[in-house]
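Everything on this sheet refers to the single structure shown next.
The values are calculated or read from the model by the stated rules, or taken from the named source; none is laboratory data. These numbers were taken from a predicted model, which means no experiment stands behind them. Heads up, the Cβs are rebuilt from the backbone with ideal geometry, glycines too, and the neighbour counts pull from every protein chain shown.
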Amino acid sequence: MNDYELQTDRIVQKVRDNDYKSVLLQFPEGMLDEPLNQVQKVLSDEGIQVYTAGDPSYGVCDLAIALAKRLNCDLLIHFGHSEFGFHSQVSSVQSDLIDIMIIPAYYVPPQELDYNSLIDEIRKKKWKTIGLASTIQHIKSLDKLEEKLTEYNFQIIRYKEGQILGCNVHSLQIGDEKCDGFVSIHAGYFHTHGILLNTSKPLMQFNPYSGGIKTYGEEEHTKVIRQRFTLLTKVRNIKKWGIIGSSKLGQLNQNMIGNIQSLLSERKLESLTVVAENINPQMLSNFTNIEAWVVTACPRIAIDDKIRYLKPIITFKEFLYLFHQLKWEDLLEHGFF
């Protein structure tokens, strides 16, 4: 069982101070077991009406505000992410629509993580300057790793906290030219894929749950970039474009949509703009006249889910490359999304 800092004392105090009667809980999929049960019990003991959002939660860009309002909840509590990159969106609805709490849910290892094998691997690579990052749950473990590496006289590049999102790895990109390699604390391949597409240096991934270490070098970088290049080659002469927009608070990019529409109009190309709350293959398959899509919502739709869709999907930056607003070197240097 994995333990997380759920800040239940702070939640209870918030509810008591404001005399809240109903709360909507929003968890990512990996926390819908014991963490949800803990918070549910604490609030139920306070006599609070508790609802849980059943749809997947992809981040603070995806706050369940509409659902909370429909249920007449006083408070929305979002777990497993931070406001990183979405401060203004959260602030814009905080006072007018509903009260919101963002709980990062830092991971608490059952015992202190052993970084000795990781350090041995770094030494084998002969890295001297290392860029550090992690997902929000493991920021405190990243603090301890930085202390350990500093003790061994490694030079560290860490932008602010060093947090990465699925759609934002800027904290690593700033060190791309200066470091010998990156070390990131996270599980799974989702964030790894984003790092490989937006950086050029080798990556060493440390899994905080298993202690496993995986290293990704030039071959892996080349593979994911080649996949994107192949896709872009296929859509270079598309005549009927679909523009995907999202009505989610942190994913509605009307300026981006307008930019795409203008570029297509200038070239006398057809376009259709489709805006939806939940973007999925079945919904898009209804638009049979569209030959390819460009997504202005979460860019990872174009990266990770591409094989699920009948028509090609590209990111906004890839679209700018196709229409000569960016060079290929820009994508390689600054990332594909």
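Only one of ILE164, ILE119, ILE139, ILE100 is without any contact (Cβ under 8 Å) to a residue 40 or more places away in the chain, out of contact with any Cys (no Cβ under 7 Å at 6 or more places or on another chain) and closer than 30 Å to LYS69 by Cβ; which?
Details: ILE164 fails: closer than 30 Å to LYS69 by Cβ; ILE119 fails: closer than 30 Å to LYS69 by Cβ; ILE139 fails: closer than 30 Å to LYS69 by Cβ.
Testing whether each residue is without any contact (Cβ under 8 Å) to a residue 40 or more places away in the chain, out of contact with any Cys (no Cβ under 7 Å at 6 or more places or on another chain) and closer than 30 Å to LYS69 by Cβ leaves just ILE100.
If I go through the range 1-40 residue by residue, how many of them are under 29 Å from the mean Cα position of the chain (by Cα), at pLDDT 95 or above and charged (D, E, K, R)?
4
Could you list all residues from the range 66-79 that are among the aliphatic types (A, V, I, L, M), buried (at least 23 other Cβ atoms within 10 Å of the Cβ) and not in a helix (DSSP H, G or I)?
Keep residues of the range 66-79 that are among the aliphatic types (A, V, I, L, M), which gives 66-68, 71, 75-77.
Filter once more, keeping what is buried (at least 23 other Cβ atoms within 10 Å of the Cβ): 68, 76-77.
Scanning the range 66-79 gives LEU76, ILE77.
In this structure, does THR135 turn out to be surrounded by fewer than 16 Cβ atoms within 10 Å (Cβ to Cβ), closer than 25 Å to LEU332 by Cβ and β-branched (Val, Ile, Thr)? Break it down stepwise before answering.
Numbers: surrounded by fewer than 16 Cβ atoms within 10 Å (Cβ to Cβ): no; closer than 25 Å to LEU332 by Cβ: yes; β-branched (Val, Ile, Thr): yes.
Considered against the rule, which asks whether it is surrounded by fewer than 16 Cβ atoms within 10 Å (Cβ to Cβ), closer than 25 Å to LEU332 by Cβ and β-branched (Val, Ile, Thr), THR135 comes out as no.
Residues LEU32, LEU43, LEU25: which one is in contact with a Phe, Trp or Tyr (Cβ under 9 Å, 6 or more places away or on another chain), of a type outside the set (S, T, N, Q) and not assigned by TED's automatic domain parsing to the domain that holds ASN280?
Details: LEU32 fails: in contact with a Phe, Trp or Tyr (Cβ under 9 Å, 6 or more places away or on another chain); LEU43 fails: in contact with a Phe, Trp or Tyr (Cβ under 9 Å, 6 or more places away or on another chain).
The unique qualifying residue is LEU25.
With (1) of a type in the set (A, V, I, L, M, F, W, C); (2) touching a His at 6+ places or on another chain (Cβ under 7 Å); (3) modelled with pLDDT of 95 or more as the list, and ILE303 as the residue in question, which single condition is left unmet?
(3)
Among (1) modelled with pLDDT of 95 or more; (2) in contact with a strand residue (DSSP E or B) (Cβ under 8 Å, 6 or more places away or on another chain), which single condition is ARG267 missing?
Every condition holds for ARG267 apart from (2).
Per-residue answers, yes or no, for (1) farther than 19 Å from PHE336 by Cα; (2) crowded, with 19+ Cβ neighbours inside 10 Å; (3) over 25 Å from the mean Cα position of the chain (by Cα):
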residue	(1), (2), (3)
LYS239	yes, no, yes
GLN254	yes, no, no
PRO281	yes, no, no
ILE290	yes, yes, yes
TRP293	no, yes, no
THR296	no, yes, no
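Within the range 259-268, does at least one residue satisfy the condition of being among the small types (Gly, Ala, Ser) and either closer than 30 Å to PRO56 by Cα or buried (at least 19 other Cβ atoms within 10 Å of the Cβ) (or both)? Lay out the reasoning, then the answer.
Start the filter on the range 259-268 by keeping residues that are among the small types (Gly, Ala, Ser), which leaves 262, 265.
In the following step, the residues that additionally are either closer than 30 Å to PRO56 by Cα or buried (at least 19 other Cβ atoms within 10 Å of the Cβ) (or both) were identified as none.
Among the residues of the range 259-268, not one is among the small types (Gly, Ala, Ser) and either closer than 30 Å to PRO56 by Cα or buried (at least 19 other Cβ atoms within 10 Å of the Cβ) (or both), which makes the answer no.
Across the range 35-65, which residue is farthest from LYS21 (Cα to Cα) among those that are of a type in the set (Val, Ile, Thr) and crowded, with 17+ Cβ neighbours inside 10 Å? Let's see the steps before the verdict.
Just the residues of the range 35-65 that are of a type in the set (Val, Ile, Thr), to begin with: 39, 42, 48, 50, 52, 60, 65.
Pick out the ones that are also crowded, with 17+ Cβ neighbours inside 10 Å and you get 39, 42, 48, 50, 60, 65.
On the way: VAL39: 15, VAL42: 14, ILE48: 5, VAL50: 9, VAL60: 23, ILE65: 17 Å.
It comes out as VAL60.
Say whether the condition of being out of contact with any Ser or Thr (no Cβ under 9 Å at 6 or more places or on another chain) and closer than 30 Å to SER57 by Cβ is met by at least one residue in the range 213-221. Before the answer, list the steps.
Taking the range 213-221 as the starting set, the residues that turn out to be out of contact with any Ser or Thr (no Cβ under 9 Å at 6 or more places or on another chain) are 215, 217, 219.
After this cut, where a residue has to be closer than 30 Å to SER57 by Cβ as well, the list is none.
Taking every residue of the range 213-221 in turn, none turns out to be out of contact with any Ser or Thr (no Cβ under 9 Å at 6 or more places or on another chain) and closer than 30 Å to SER57 by Cβ.
Which of the residues belonging to the range 6-20 are in a loop (DSSP other than H, G, I, E, B) and loosely packed, with under 14 Cβ neighbours inside 10 Å? Quick ask: steps written out before the conclusion?
Residues of the range 6-20 that are in a loop (DSSP other than H, G, I, E, B), as a first pass: 6-7, 19-20.
Hit for the range 6-20 is ASP19, nothing else.
If I ask for residues that are within 18 Å of the chain's Cα centre (by Cα), assigned to a loop (DSSP other than H, G, I, E, B) and surrounded by fewer than 24 Cβ atoms within 10 Å (Cβ to Cβ), which ones from the range 298-320 would you list?
ASP305
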